[in-house]
Each structure stands twice: as structure tokens, then as C-alpha cells.
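The values are calculated or read from the model by the stated rules, or taken from the named source; none is laboratory data. The structure displayed is predicted, hence computed values, not measured ones. Reconstructed Cβ throughout: ideal geometry from the backbone, glycine too, with neighbour counts over all protein chains shown. Heavy atoms of the whole protein, side chains included, go into the accessibility calculation; ligands, DNA and RNA do not. Shrake-Rupley method; radii C 1.70, N 1.55, O 1.52, S 1.80 Å.
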Amino acid sequence: MAFSLPLYLDHNATTPVDPRVLEAMAPCFAARFGNAASRSHALGRDAQSAVETARREVAELVGASPEEITFTSGATESNNLALRGALAARAARGRHLVTSAAEHPSVLELVRELEREGTAVSILPVGASGVVDPDDVRRALRPDTVLVSVMHVNNETGAVSAVAEIGALCREAEVLYHCDAVQAVGKLAVDVESAQVDLLSLSAHKLYGPKGIGALYLRRRARLRLRPLLVGGGQERGLRPGTVNVPGVVGLGAAARLARDALPVEGPRLRELAEQLLGALRQAIPEVCLNGAEAERVPGTLNLSFPLVESEALMLACPDLALSSGSACASGRAEPSHVLRAMGLTAERVHGAIRVSLGRFTTREQVAYAAERLAAAARDLARASPRFRDVPAG
């Protein structure tokens, strides 16, 4: 076997730092250690130059201008800054927000908090596809709607939303559109102009960069003065005060550059690997279900349910595979996936669902190994189920 175990198949939770990203970051811990806000000497100016280079690299990845990029600690902070900041900035228009039932916890939990604070909230259904219908967004818009927040790619199923259509609806209604694009950036061609997005969140650790750094895109022509979450210092044009994480920012910039260069090849490669895995599993266990099969999916993500098998038991039976049953941000809870429940799946399919997410360093050999291990473990667990004799063969 030419690879080490456990085999990592959880890239939607986090990605390993690309060695080239680590190489770009290393000088920032030693020779280029300056504070980017210290413009009075060369070390500070050098750090600031590195930050601005990274800002350009991130902007180029999503089709933005550098001045439209604000660095944050990650997508959770970006989501909070976008939603809270936009509602506060447009309070004169109203306080109505539209989102979907399949959003990431960093959006849905914030939305519930905003609702307790007096925001009117419309949470739209997603159906079997796992994505919101743009017509439902249109019907949900009201004269007092300030913001629509619908993610680009679902973190559990990989389902791709119709962001450009939603963006066009919002632009026509003069409503702000925020897109959590964490699972899309670096995997799909993301262009904020063609998608007509006003605010977009991304995170470095989902595209082979370091943890603890992300960015928020804010469309310049929206003329939106976000209310910051923090005060003091004035960094990042006052939107995100505090000493800039120069090594993290440089890492995000390098990761963005590498992702942009790899996109034409990496997307088709991951799609082929995912089809290889799904095909092998279907051949071994024809009853395996692909959750969200009705939707377009991002390359490399599969959400699968095996008959008579619970996900926790399957993962325990495969300690040599690093898998998950859903969002890493919700993995400490005993609750079943809110995404799969919103899709209307049966309780058995929800409790039996696992997420396999492939990545930059995944190989065909690894996929073949994973398929064999998953199929064998799922067969053994199904046979041990009291209901095994009730299920027709094939």
C-alpha cells in the first residue's frame, strides 16, 4: 500500500495545508515578522506589502477588486459580519431576512439569534435536491426585505445552488445578497460579478490554507457601510480591527493562487474520483443511496446512506478511514443532520448517512481502498441487523 492510514476523506471539514502554502507562510514567522500596521519602518511596510499581495490573490480567485476584500478569522466571522452588518446598515429599509433551511450552522444559529433580537426571518425549504428554489426566494421577498443569505455549495451534500439566478432576483428587487461560498471557492469557478453577489464569505482552511483566516467580499458598488462586530484599531478599513494575522493572510493568498491555477484540472479529476467511488459502492451494494442526487454537485463530495447501517457504527467499523456524518461544526451534537431532515429523507437514511469528501491529494488507489473497506463494513453491519431478513436482496 503506497499511502498511510488513516486515509483522509473529510476535506469538506478541513483540508491539509499545501506544502507550497506552508513555504510561503514560513518567512512571516521569522524574517518578515513585522506588524502590517507599523508603516514607519521597513519591517512593517514589508508585512503590509505581503498582506496587499494576498488581498489581490484572493480577489482574483473570486473575480473581485482587492479593495472589496476584508480579511477575517474565518467564514463564521465573515457570515456574522455580513448579516449583522448589512441589517444594521440598511435598518431604514426594514429588518427582514431570507435564508434556507440547509444553511451552515454559522448562518442558521446567527439567524435564530437575530430573530430573537427582533429580525423578521423567512427560512425557505429545500426539498429532495437540497437546494432552495429561486422561485421560493422571489415569493419570500417583501418591501422590508434587507438581505437574502443562501449558500453556494452545501457542506454536507455538495449540492450547488442557483446563485446567479438568486443574485439576479435580489439585484432586481434592490435586496442585498450574501453567499456563504466556503465549499465553492477553489472547487468551482466563482465570479462575484456574474453571480451578482453583494457579500461573499470564504475560509482558507477549505482550500489548503491555514485555519483561523478567511475573508469577506463586499461589493464596492453596493455602497454599503457595514457596522463592524469589533471596534478599536481601525485595521481593514475599520471593518475588522485588530492586528492583522500576516502569516495567515499570506497563506490564504498563496492558497487562492494555487486554487485558481489548479481549477481547470482539479475539478474534472475530483469528479472522476467521486464517480469511481460511487460506482464501486453501487456494484458491491446496489441499495446504497446518494443523498441529493437530484441536484448538481460540487466535484469530490458524496453523501451516502447504506441500508440497515447507522453512520456512527460504520465509521467505528472503519477506523482506517477519516469520514464524517455531516458538518464538522455540528459534529459534537447528537442531533441528526438538519440538512438531510430538511430534504425530507427518512429517519433511517438520515441516521445512516456518511459524507465522503475527496481532495487535492486523493488518488485512484486510495478511492479503490476506501470503496472496498466501506462496502465490506456496510455488508457486515447490515447482516448483523435484526431487520436483515426483511430486506429483499439486490
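Ordered by residue, what ³J(HN,Hα) values in Hz, to whole numbers, does the stretch 272-279 give under the Karplus form 6.51 cos²θ - 1.76 cosθ + 1.60, where θ = phi - 60° and Gly and Pro are x?
Values per residue, Gly and Pro as x: 5, 5, 5, 5, 4, 5, 5, x Hz.
With unit charges on the beta carbons (Lys and Arg positive, Asp and Glu negative) and the dipole taken about the Cα centre of the stretch 257-319, which residue among 302, 270, 286 sits farthest to the positive side?
Ranked along the dipole, the leading option is 270.
Give the span of the stretch 170-323's Cα atoms along each principal axis, as three whole-Å numbers ordered largest to smallest.
Between the extreme Cα coordinates on each principal axis of the stretch 170-323 lie 58, 39, 31 Å.
Give, to the nearest whole percent, the P(r) tail of the stretch 85-222 beyond 26 angstrom, counting all Cα pairs. Could you put the intermediate results ahead of the total?
Numbers: 1598 of 9453 pairs.
Of all Cα-Cα pairs in the stretch 85-222, 17 percent lie more than 26 Å apart.
Return an integer: the convex hull volume of the alpha-carbon atoms of the stretch 165-256, in Å³ per residue. Provide the component values of the computation, followed by the final result.
Details: hull volume 9.5 nm³, N = 92.
Spelled out: Cα convex hull of the stretch 165-256, divided by residues, is 103 Å³.
So with the 1.4 Å probe, I'd like the accessible area per residue for the stretch 5-163, rounded to whole Å².
Values: 6040 Å² over 159 residues.
I get 38 Å² per residue for this part.
What is the Cα centroid distance between the stretch 39-108 and the stretch 345-364, reported in whole angstrom?
Rounded to whole Å, the Cα centres lie 30 Å apart.
Please give the contour-minus-distance gain from residue 335 to residue 49: 0.36 nm per residue of separation, less the Cα-Cα distance, rounded to one decimal in nm.
98.4 nm
Count the net charge of all other residues whose Cβ sits under 13 Å from the Cβ of residue 132, scoring Lys and Arg as +1 and Asp and Glu as -1. Could you put the intermediate results ahead of the total?
Numbers: positive: 138, 139; negative: 103, 133, 135, 136, 165, 180.
Neighbour charge sum, excluding residue 132 itself: -4.
Counting other Cβ atoms within 10 Å, keep those with at most 10, restrict to DSSP loop, and tell me which trypsin sites (Lys or Arg not before Pro) in the stretch 148-235 are left. Don't skip to the end; give the middle numbers.
Values: sites: 171, 187, 206, 211, 219, 220, 221, 223, 225; in loops: 187, 211, 219, 223, 225.
Loop-located and lightly packed - 223.
Rounded to whole Hz and in sequence order, give me ³J(HN,Hα) for the stretch 5-19 from the Karplus expression 6.51 cos²θ - 1.76 cosθ + 1.60, θ = phi - 60°, writing x for Gly and Pro.
Rounded to whole hertz, the list is 10, x, 7, 7, 10, 9, 5, 6, 7, 6, 10, x, 5, 5, x.
For residue 234, list long-range residues whose amide hydrogen, built 1.01 Å from N in the peptide plane, is under 5 Å from its own amide hydrogen.
242
Compute and list, largest first, the equivalent-ellipsoid semi-axes of the stretch 74-122 from the alpha carbon gyration tensor, each √(5λ) rounded to a whole angstrom.
17, 13, 9
Of all the stretches in the chain, which is the longest one without any exposed loop site, taking GluC sites (Glu not before Pro) in a DSSP loop (any state but H, G, I, E, B) with at most 12 other Cβ atoms within 10 Å? Spell out each step's value before the answer.
Values: sites that count: 117, 174.
It runs 175-394.
In whole angstrom, and with the biggest value first, how far do the Cα coordinates of the stretch 40-160 range along each principal axis?
54, 35, 22
Given the chain reduced to its alpha-carbon atoms as identical point scatterers, what log10 I(q)/I(0) does the Debye formula return at q = 0.09 Å⁻¹?
Reported log10 I(q)/I(0), two decimals: -0.55.
Pull out the extension gain between residue 37 and residue 138, defined as 0.36 nm times the separation in residues minus the alpha carbon to alpha carbon distance; nm, one decimal.
On the way: separation 101, 0.36 × 101 = 36.36 nm, distance 4.41 nm.
Full-extension gain reported as 32.0 nm.
Summarise the accessible area of the chain (1.4 Å probe, protein heavy atoms) by the percent that is carbon and sulfur. Walk me through the intermediate numbers first.
Numbers: 8860 of 16620 Å².
That fraction is 53 percent.
What is the stretch 177-312's relative contact order, in percent, from Cα pairs under 8 angstrom and six or more apart in sequence? Don't skip to the end; give the middle numbers.
Numbers: 158 pairs, mean separation 26.0, N = 136.
Over the stretch 177-312, the number comes to 19 percent.
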